[in-house]
1. Tell me, which residue of segment A:64-88 that is over 22 Å from residue B:77 (Cα atoms) and facing chain B (nearest Cβ under 10 Å) is nearest to DNA strand C (Cβ to nearest atom)?
2. Can you tell me which residue among B:61, B:48 is within 16 Å of DNA strand D (Cβ to nearest atom), free of Cβ contacts under 8 Å to residues at least 12 places away in the same chain and within 14 Å of another protein chain (Cβ to nearest Cβ)?
3. Would you check which residues across segment A:6-39 are open to solvent by 70 Å² or more (accessible area, probe 1.4 Å) and away from DNA strand C (no atom under 12 Å from the Cβ) and list them?
4. With the checklist (1) under 19 Å from the mean Cα position of the chain (by Cα); (2) closer than 30 Å to residue B:286 by Cα in hand, flag the one item residue B:136 doesn't pass.
5. Regarding residue B:42, is this residue within 12 Å of DNA strand C (Cβ to nearest atom) and either among the aliphatic types (A, V, I, L, M) or under 25 Å from residue B:97 (Cβ atoms) (or both)?
6. Only one of (1) of a type outside the set (Val, Ile, Thr); (2) closer than 16 Å to residue B:164 by Cα; (3) touching an Asp or Glu at 6+ places or on another chain (Cβ under 8 Å); (4) open to solvent by 50 Å² or more (accessible area, probe 1.4 Å) fails for residue B:179. Which number is that?
7. For segment A:53-125, list the helices (runs of 4 or more DSSP H) that sit wholly inside it and hold at least 2 residues that are among the polar types (S, T, N, Q); which are they?
8. Please state which of the following conditions residue A:129 fails to meet, knowing it meets all the rest: (1) open to solvent by less than 30 Å² (accessible area, probe 1.4 Å); (2) of a type in the set (Gly, Ala, Ser); (3) more than 23 Å from residue B:86 (Cα to Cα); (4) part of a loop (DSSP other than H, G, I, E, B).
Protein chains: 2
Amino acid sequence: MKKNSPTIRDVAAAAGVSVATVSKYMNGAQRFSAPVEAKLKAAIEELGYRSNPLARSMITGRTRTIGLTVLDISNPHFTNVVKGANRVALRHDYTLLLVDTDENQARERPLIEALAQRVDGLIVSSRMSDDESHWMLDLGKPLVLMRRSEHLPIPSVGIDNRLATYMLARHLLNLGHRQIAYLGFGQARINDERIRGARECLEEAGLTLDVYDAHAPTAHAGEHACSRVMLGPRRPQAVMCYNDLIALGFMKEAASLGLKLPQDVSVTGVDNVPFGEYASPALTTVDIQSEKMGELAMQKLIDALAGHADIGHTMFDPRLMVRESTAACR
Amino acid sequence: MKKNSPTIRDVAAAAGVSVATVSKYMNGAQRFSAPVEAKLKAAIEELGYRSNPLARSMITGRTRTIGLTVLDISNPHFTNVVKGANRVALRHDYTLLLVDTDENQARERPLIEALAQRVDGLIVSSRMSDDESHWMLDLGKPLVLMRRSEHLPIPSVGIDNRLATYMLARHLLNLGHRQIAYLGFGQARINDERIRGARECLEEAGLTLDVYDAHAPTAHAGEHACSRVMLGPRRPQAVMCYNDLIALGFMKEAASLGLKLPQDVSVTGVDNVPFGEYASPALTTVDIQSEKMGELAMQKLIDALAGHADIGHTMFDPRLMVRESTAACR
DNA sequence: ATGAAAGCGCTAACAG
DNA sequence: CTGTTAGCGCTTTCAT
């Protein structure tokens, strides 16, 4: 198992050339005379030489590695982000260093700071507000944020959360719903934007939004919150959930409670996780293009690494995906 | 954005000590006189010094990074593996270098070889057979395989695939089913083991297994295969799927075809992905403890790194999760 | 308890 | 085209 791998010097000796020549050969930096090239090739093959990326990185200052932090890899939204980012990284010969902060706000900073030292750049998904994120500027590494950063000179990608829930609310309104509730996740920074979008839409129709809160952005939390929402004094005709996971849990529990979906209550999510389509009823949601977001974030970072600075926010358009979990209000 | 981070020499100069002293201090290698310690602390704080892990790794030969390759991070099974592995890694102060081979058999080897150079050890999930995997022994790094490796001196973790499908088949038999089909994924090495388990069980009852094949281990492929299985000449009373994703897709399409689940056909999966529980009907499956598998794989690797060699296979027990997608045969 | 010096494996000028 | 020579930032003997 343990092998002292050959160094560039071993190759140089075996091929009868200098280490500089070997180095240049390895990097395909220039052309060589036939005999030298032949000897080089033979020696490398013979010794099974592979250049040490660490040593190389130390000099070049580049690791060809990109760090990506997600809040929870179990959430299919982030899984898709990783998928997209990874695809672009691979294409540009970068590798992904993944860090899952596990929804642990306190760990975020130290984890990210440690990560920053081992990579050429980072894509960060964080629960911190812009004000709390200033230290990121001192990381000394190019950065892309996975959300809008209004007050930070950091490129970012995200979606229009306000519009997403506005669209959802409009859809419910069109179906005739008047009693609409929002089951949010207060700890997410974007929760407020989503509430605002829904409120704006409802207020235009002279309606108000009942807001509830789930304790986590998970299906389990959605299940947990269901009875509180549906068996309380203000039973809604439709429930907009913070994300698909919560919506899925909510729907399951609603069924357990004896409610018929979507007849008794319409439910919506946000994210368009792959599984929403396979739930029954299939979940009406808003596609936020998670995979594309990951791709673009990575592309921006790689561009930045290549010197093409692009300090700007790219906002993906949310797209309403009407499926079976929403129906006309009886 | 760009900052020349201070080096150990800057700190040494600022504190009026030698670099060796700073190094020892950073590594908590020994105790220091009060004045020196105070100056060190001040200088480090002042300059915001953080030691360069690359330079350190070059000397120590250790990166405190573990490489993990998965076939497809979109598959919740692997997501859970990552989750478990990451948790243990973090606890031991290691970081995860994730590589998604994207079900691309050809890319596996180069990707893994490249990965091996940047990490202290690897956890590998691969489609290659033992015979095709001998090159892994020459990686020069501790390795843990995510499946049984009969003929390779490499520690591994996995589950008893034969038993998993045996249990499932027995369950279906108990429910009175006699016409049982298996919708597999032929490209997976473990597909054969799963077929064998189901066959053994059925043969004990004098029955045979109809085998079909999905073109991918995904929900989409399950959907695609459904009509072929259900509308063919040998319509089964129950269908055992290679994994939960295929099963979920299969169920959705079956519903579209006008079949009532589980009355018209019982369906089972394997993996116990989180969403199976939220499908309707909830999916009967076999839990393979994906997260625990990730945890143990990482633990084994870290043990190996610490010198505690453990060349052996650990097999997790599959656990039947009976839910609503299976019912007594009419 | 502290420091001087020798590299780790490689690249990047600069010569030739 | 090929070789010489400095280091990258840090750890590690080995002295003091």
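1. Kept after step one, since they are over 22 Å from residue B:77 (Cα atoms), are these residues of segment A:64-88: A:64-67, A:88.
With the extra rule that they be facing chain B (nearest Cβ under 10 Å), the set shrinks to A:64-65, A:67.
Working: A:64: 11, A:65: 15, A:67: 22 Å.
Result: A:64.
2. After ruling out the rest, the residue left standing is B:61.
3. A:31, A:34, A:35, A:39
4. The one condition residue B:136 does not meet is (2).
5. no
6. Tallying (1) of a type outside the set (Val, Ile, Thr); (2) closer than 16 Å to residue B:164 by Cα; (3) touching an Asp or Glu at 6+ places or on another chain (Cβ under 8 Å); (4) open to solvent by 50 Å² or more (accessible area, probe 1.4 Å), residue B:179 fails exactly one: (2).
7. The helices (runs of 4 or more DSSP H) meeting that bar are A:53-60, A:76-91.
8. With respect to (1) open to solvent by less than 30 Å² (accessible area, probe 1.4 Å); (2) of a type in the set (Gly, Ala, Ser); (3) more than 23 Å from residue B:86 (Cα to Cα); (4) part of a loop (DSSP other than H, G, I, E, B), residue A:129 is out only on (1).
The values are calculated or read from the model by the stated rules, or taken from the named source; none is laboratory data. It should be emphasised that the depicted structure is a prediction, and the values quoted were computed from it without experimental measurement. Don't worry about glycine lacking a Cβ; one is built from the backbone with ideal geometry, like all the others, and counts go over all protein chains shown. Remember, those area values only see protein heavy atoms, side chains included, never the ligands or the DNA or RNA. Shrake-Rupley method; radii C 1.70, N 1.55, O 1.52, S 1.80 Å.
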